[in-house]
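Since the structure comes first, as structure tokens, the remarks are kept for the end.
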């Protein structure tokens, strides 16, 4: 266990250990607001042995339960389509997209917040034990928090990322690697917020299961830390399926409405409002 203050600074400036700097990252992320709703556009440009996908979707998502209203803008060939929006509540979107739980991706925090998540993270292995709240935050005294660090953290040196001076950390999970999915992190020296991650992603769709590494870039939008793009090489082998390739996602046109009507996420009542103005 260790303690960390909330004042942003680099380890070299203050003599902090890499683990203590990681604690500052968690404090900085935890102090950001959690949105109730998010509206965004996602572009998928994946190329693999099974073909290419250039789909584009517009989504309005309710973050508490993942319910979403989705409109397909471009199909898997990249051709524009005029499609009616549809409600999706299972977090999969198999018919729409190859990106698993794309509705949760923009504000995924990779377990950095002190408060435990209501649902498993989108990169986590299914069935992975979720840590109790005590492992995330043990006590708080004034501006100092003490917590149990789930990673072995090493300093990989100062560098730049997305034109920002950053601290580069390497992370190896000490337990439950299917839950603690971060493997590298680039941290803004001024804000202590993550600029970039490398995370190990686990996907299990029953008949299809695999895992791979994804590089994720972030941006601060309306005081929310948004994962604005990601890319990774995937290699899927599960009989009789075998395909591999490069996947690239980008998030744009992001907004955080204070409120969206319940009918937008209710299949029973949505048809009555189909012709009303909706953000997707």
If only one of 122, 99 is in contact with a helix residue (DSSP H, G or I) (Cβ under 6 Å, 6 or more places away or on another chain), part of a loop (DSSP other than H, G, I, E, B) and at pLDDT below 85, which one is it?
122
Can you pull out every residue in region 149-178 that is within 21 Å of residue 193 (Cα to Cα), assigned to a loop (DSSP other than H, G, I, E, B) and at pLDDT 90 or above?
150, 162, 163
Here is a check on your reading of the model: is residue 40 assigned to a strand (DSSP E or B), modelled with pLDDT of 95 or more and under 23 Å from the mean Cα position of the chain (by Cα)?
yes
Quick one: residue 186 ticks every box in (1) crowded, with 19+ Cβ neighbours inside 10 Å; (2) at pLDDT below 90; (3) within 29 Å of residue 41 (Cα to Cα) bar one, so which box is it?
(2)
Can you tell me which of (1) touching a helix residue (DSSP H, G or I) at 6+ places or on another chain (Cβ under 9 Å); (2) in a strand (DSSP E or B); (3) at pLDDT 85 or above is the one residue 146 doesn't meet?
(3)
Criterion first (surrounded by 16 or more Cβ atoms within 10 Å (Cβ to Cβ), in contact with a strand residue (DSSP E or B) (Cβ under 6 Å, 6 or more places away or on another chain), at negative phi and modelled with pLDDT under 85) does residue 53 satisfy it?
yes
Scan region 228-248 and give yes if some residue there is exposed (fewer than 15 other Cβ atoms within 10 Å of the Cβ), in contact (Cβ under 8 Å) with a residue 12 or more places away in the chain and within 19 Å of residue 61 (Cα to Cα), otherwise no.
no
What do you reckon, is residue 73 assigned to a strand (DSSP E or B), surrounded by 15 or more Cβ atoms within 10 Å (Cβ to Cβ), modelled with pLDDT of 90 or more and touching a helix residue (DSSP H, G or I) at 6+ places or on another chain (Cβ under 6 Å)?
no
When you look at residue 83, is it at pLDDT below 85, in contact with a strand residue (DSSP E or B) (Cβ under 6 Å, 6 or more places away or on another chain) and not in a loop (DSSP other than H, G, I, E, B), yes or no?
no
From the list 244, 255, pick out the single residue that is at pLDDT 95 or above and touching a strand residue (DSSP E or B) at 6+ places or on another chain (Cβ under 7 Å).
255
Inside region 251-268, the number of residues satisfying the requirement of being surrounded by fewer than 13 Cβ atoms within 10 Å (Cβ to Cβ) and under 15 Å from residue 88 (Cα atoms) is 3
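The values are calculated or read from the model by the stated rules, or taken from the named source; none is laboratory data. As the structure is a computational prediction, the values presented were derived from the model and not from experiment. Ideal geometry is used to build each Cβ from the backbone, glycine not excepted, and the neighbour counts take in all protein chains shown.
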